[in-house]
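Here's the structure we're looking at; comments come further down.
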Amino acid sequence: MKDAAERAAWLRDELARHNRLYYVHERPEISDSEYDLLFRELVEIESDHPELQTLDSPTLRVGSAPSESFAQHRHIVPMLSLDNAFSTEELRAFDTRIHRTLGTEEPIAYSCEHKLDGLSLSLTYLDGVLATAATRGDGTTGEVVTANARTVGGVPLRLAEGAPAGSRIEVRGEVLMTKRAFAEVNASRLARGEEAFVNPRNAASGGMRQLDSRLTAERRLRFYAYGIGDVTGMSELAPTLTERLAWLRDLGFPTSPGAKRVVGIEGAAKFAEGVLAMRDSLPYGIDGVVVKVDGIALQAELGSTARGPRWAIALKFPAEQAFTRLLGVSDQVGRTGVVTPVAELDPVFVGGVTVSRATLHNYSEVARKGLRIGDTVIVQRAGDVIPEVLGPVLEKRPAGAQAPVPPAECPDCGAVLIVSEGLVSLRCPNTHGCPSQIESKIVHFASRTAMDIEGLGEKQVARFAELGWLSDVAGIYGLASRRAELVGLERMGELSVERLLSAIEASKQPPLGRFIFALGIPLVGSRTAADLARSLGSVNRLLATTEAELAEIEGIGQTTAAQIVEWLSEPGNRALVSALLEAGVEPRGQEPLGDHFAGKTVVFTGKLEHMTREDAEALVASLGGKASGSVSKGTSLVVAGPGAGSKLSKAESLGIPVVSEEEFLASLPDGRG
Ligand code: AMP
Ligand code: ZN
């Protein structure tokens, strides 16, 4: 029995130490499975000797049986909110106020931290052992969620350095779900047929309010400490926030990572700028930075208002999520006839832009998200990613709200749609008669990576189509006969007509690959088009090709081969090609423009700034080389832009030459790039 007690105590200490190594220092010394072995041993001892289970036993981290309800907890020091700033000017105004109140000209030292996007939690330790965890609630009274808090990664069950008998310390911080845990937890929820969480914050706050703490444990939440509340019976604390945060780390708390002490408000502004730039690469969501006066005595002098401390401010970043109303769902017909539902939203400012529409991808997605017209929905626009409707806020659903109904007929031409299994796709079969399809085919044909006809964008095409001047792709080459009418159009003028018509004329001798790409054959992107051009060499060969011949071409799979042959077998498509040739389009045959890259394979990685990836690859192809998506021993050159990752390191390890985009362009033969 004594042995068991000793072993249990040793295991508790050891597990707590490994927890700190993992959460605070992010430097684990043992593997997860070794940790599990120690853990299971402790579980066994405790189940044989229940009296040995202590309040700081790591076995409590898996959660315990449900409670009936949450008890109330009165905060000794109120948990306040933070004042907000939305611009650098407002941040400077905060600094000015502080100088005025303190009556000093000296630059102020600030502790700058991430504003973690979760929920705040207050942890009270009695004699060094976690006794109570409470939510913020209304700031004065919160709810006791101790059993749940024990399951949160990074919450120490006992202070690492121990604490004097009779001491009490309250540590405050944020509970959140990392982006990774969010993705993984959602994947397993979907696999079990459960609904996915809309965002990490909801998942975290919902998780902390579970009556069954085993459910909290499943959410794999994390805690980061950012401050100290009420303290009694501890030795004197350090005079700055920065030092106190370091002390919290010694006690076993992970603290808001990325925190930095600066002197003077410009340093804080710069900190914020840096954090904003790397926001997407952080392991968790943040909604800004918090700037706090570092000196505790100064904090006391500044005091608080009812809302929040005068010594701290949150500089908010543009929200990446916002609530708005789903006004309706419209159906958009794409170039290949695929009908895509699009959310029509009450315009909302999110991620730095106003969003009023967002693609819903397809109707099975709409059903999965459970959207109804009139719902309040959460819209997300993170970084440069296209806006996305995450899901409805069910509590705000108006009575009688209806789910959007997938159309049976093309919203544009009225043709009966072809419905694939499970509503994943709806397609209008009226390829050559559906105005939307025709217009987007024309836009695609004229686009930069295809025939590159400048001045023939979406708006212009829609306008000409409406006037009846453009009813199919080949019609582009008939526009020259309407010179006078074109000049007469509003906002056109002599000069732009001249430019447009000469761009059209200039497009008549395209490289074969671009021409094939411009035709808009399903599954044929510019790389495949270039492969086809190289192997087939002429339009006539393309028109006569067979599935067997295509399957021989490197880079062309069976599905693509079948699609190409199907496309070619359709009389309307063949008529289009003939009409183009008749109009004077003469694709330049087997066309490497040069042999600069003959026999070479080039890989592009990272962000390109002067051209699109497709353009770059087409360029390599036009100079006799091959563009590939992955680095291997056969790679001749890697062109790396900002954000290049594993491909770059692989190239370096294989000793393959790496150049920047600028170097790549500069190395091309004259007149290219
Ligand atoms: P708000 O609720 O927007 O007024 O902001 C106050 C909340 O920000 C606090 O209750 C905390 O939950 C949260 N917060 C996140 N990160 C920090 C941080 N580093 N320091 C202080 N509060 C933070
Ligand atoms: Zn249609």
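The values are calculated or read from the model by the stated rules, or taken from the named source; none is laboratory data. Note that the coordinates shown come from a computational prediction; the quantities given were computed from them, not determined experimentally. When we count neighbours, we look across all protein chains shown, and the Cβ atoms used for this are built from the backbone with ideal geometry, even at glycine. We work out accessible area using only protein heavy atoms, side chains counted, and drop any ligands, DNA or RNA first. Shrake-Rupley method; radii C 1.70, N 1.55, O 1.52, S 1.80 Å.
Annotations
- Nonlocal amide H pairs with residue 637, under 5 Å, H built at 1.01 Å: 601, 603
- Surface share of carbon and sulfur [accessible, 1.4 angstrom probe, percent] for the stretch 294-336: 56
- Mean ellipticity per residue at 222 nm, deg cm²/dmol - from DSSP H runs of n ≥ 4 across the chain, formula -39500 (n - 2.57): -11000 deg cm²/dmol
- Residue-level accessible surface for residue 62, protein heavy atoms, 1.4 Å, Å²: 80
- Estimated at 0.36 nm per residue, the fully extended path between residue 469 and residue 90 surpasses their Cα-Cα distance by 131.0 nm.
- Between the stretch 288-317 and the stretch 359-417, the Cα center-to-center distance that results, in Å: 42
- Relative packing of 516-529, 28-41, 362-375, 568-581, which averages over residues the other C-beta atoms within 10 Å, highest first: 516-529, 362-375, 568-581, 28-41
- Solvent-accessible area, 1.4 Å probe, carbon plus sulfur percent, for the stretch 501-566: 48
- Estimated at the nearest 10 Å², the accessible area of residue 487 is 50 Å² with a 1.4 Å probe.
- Electrostatic dipole magnitude of the chain [Cβ: Lys, Arg +1; Asp, Glu -1; Cα centre; debye, to 20]: 520
- Cβ charges +1 (Lys, Arg) and -1 (Asp, Glu), total dipole of the stretch 83-316, debye: 600
- Remark on residue 230: its backbone amide H falls under 5 Å from those of 77, 170, a criterion applied only to residues 5 or more positions apart or on other chains, H modelled at 1.01 Å from N.
- Ligands, DNA and RNA are left out, and with a 1.4 angstrom probe the accessible area of the chain is 48 Å² per residue.
- Considering only 305, 91, 199, the residue lying farthest towards the positive end of the dipole of the chain is 305, judged by Cα position with unit charges set on Cβ.
- Phi-based couplings in Hz for the stretch 56-70 (Karplus 6.51, -1.76, 1.60; Gly and Pro marked x): 9, 6, x, 5, 6, 5, 7, x, 9, 4, x, 9, 6, 6, 8
- Among 596, 361, the sequence by solvent-accessible area, most first, with a 1.4 Å probe is 361, 596.
- Whole-percent carbon and sulfur share, accessible surface of the stretch 572-673, 1.4 Å: 51
- With 22 Å as the limit, the listed pairs 115/179; 626/647; 600/650; 270/647; 179/647 have 270/647; 179/647 beyond it between alpha carbons.
- Taking a Cβ cut-off of under 13 Å around residue 486, the surrounding Lys, Arg, Asp and Glu residues balance to a net charge of +1, with basic ones at +1 and acidic ones at -1.
- Based on every Cα atom in the chain, Rg and the maximum pairwise Cα distance Dmax equal 32.0, 103 Å.
- The HN-Hα couplings worked out from phi for the stretch 38-54 by the Karplus form 6.51 cos²θ - 1.76 cosθ + 1.60 (θ = phi - 60°) are 4, 4, 5, 4, 5, 4, 5, 4, 5, 6, 6, 10, x, 5, 7, 6, 9 Hz, whole numbers, x standing for Gly and Pro.
- Residue 645 sits among other residues whose Cβ lies under 14 Å from its own Cβ, and their net charge, with Lys and Arg +1 and Asp and Glu -1, is +1.
- Cysteines without a disulfide-compatible partner [the chain; Cβ-Cβ under 4.7 Å]: 112
- For the stretch 512-582, size of Cβ-based charge dipole, Lys and Arg +1, Asp and Glu -1, in debye: 240
- Inter-site label distance for residue 41 and residue 250 at 7 Å from Cα along Cβ, in nm: 3.0
- For residue 18, the solvent-accessible surface with a 1.4 Å probe is about 10 Å², rounded to the nearest 10.
- Between residue 559 and residue 615, the contour length at 0.36 nm per residue exceeds the Cα-Cα span by 17.7 nm.
- Across the chain, C-alpha contacts under 8 Å between residues 6 or more apart give a mean separation that, scaled by the residue count, equals a relative contact order of 9 percent.
- Of 658, 632, 620, farthest towards positive along the dipole that unit charges on Lys, Arg, Asp, Glu beta carbons give the stretch 618-673: 632
- For the set 652, 105, the ranking by accessible area, highest first and with no ligand, DNA or RNA atoms included, is 105, 652 under a 1.4 Å probe.
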